[in-house]
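Comments concern the structure below.
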Amino acid sequence: MSHLARATDISTSHEAAAHVVSSGLQSAQQDRAAGALKAHPGLTSMELAKATGHDRYMLARRLPELLVDGRAWRGPKKPCEVTGRSACTWWPVAPGENLALGL
């Protein structure tokens, strides 16, 4: 199971994390996030949320998981068009293309 809750989190956080994994919700959300990246590459997570209607916090949790799985790449920072603050961009990585990125 992915470590969705920190060791210092209370038991309800661990129960929620176990549910997200066992119910398939984590995988489904990862697939939605990956699809959003394919449709809108190079956006910040806030821009991606605005463009797709997906929850920004769901994206903020799942995009780093996609990075670890080699399904996404964290790109250069840019001013976010939604917040005006500097934020990293996110890019899709197709299977077999991650070697060039050093992932």
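Observations on the model:
- Members of the stretch 29-42 found to be open to solvent by less than 40 Å² (accessible area, probe 1.4 Å), in contact (Cβ under 8 Å) with a residue 40 or more places away in the chain and either within 14 Å of THR89 (Cβ to Cβ) or of a type in the set (A, V, I, L, M) (or both), listed by number: ALA34, LEU37, GLY42
- For the stretch 40-94, a tally of residues being in contact with a Gly (Cβ under 9 Å, 6 or more places away or on another chain) and polar (S, T, N, Q) returns 2.
- Residue check, ARG6 over 10 Å from the mean Cα position of the chain (by Cα) and either of a type in the set (S, T, N, Q) or closer than 27 Å to ALA87 by Cα (or both): yes
- Of all residues in the stretch 43-69 being of a type in the set (Asp, Glu) and part of a helix (DSSP H, G or I), the one that is farthest from VAL93 (Cα to Cα): GLU47
- One residue from HIS14, HIS19 being open to solvent by 80 Å² or more (accessible area, probe 1.4 Å), assigned to a helix (DSSP H, G or I) and at pLDDT below 95: HIS19
- Condition met for GLY70 (under 24 Å from ALA17 (Cα atoms) and either out of contact with any Phe, Trp or Tyr (no Cβ under 6 Å at 6 or more places or on another chain) or open to solvent by 40 Å² or more (accessible area, probe 1.4 Å) (or both)): yes
The values are calculated or read from the model by the stated rules, or taken from the named source; none is laboratory data. None of these values were measured; they are calculated from a predicted model. Here Cβ is always computed from backbone atoms with ideal geometry, including for glycine, and neighbour counts include all displayed protein chains. Remember, those area values only see protein heavy atoms, side chains included, never the ligands or the DNA or RNA. Shrake-Rupley method; radii C 1.70, N 1.55, O 1.52, S 1.80 Å.
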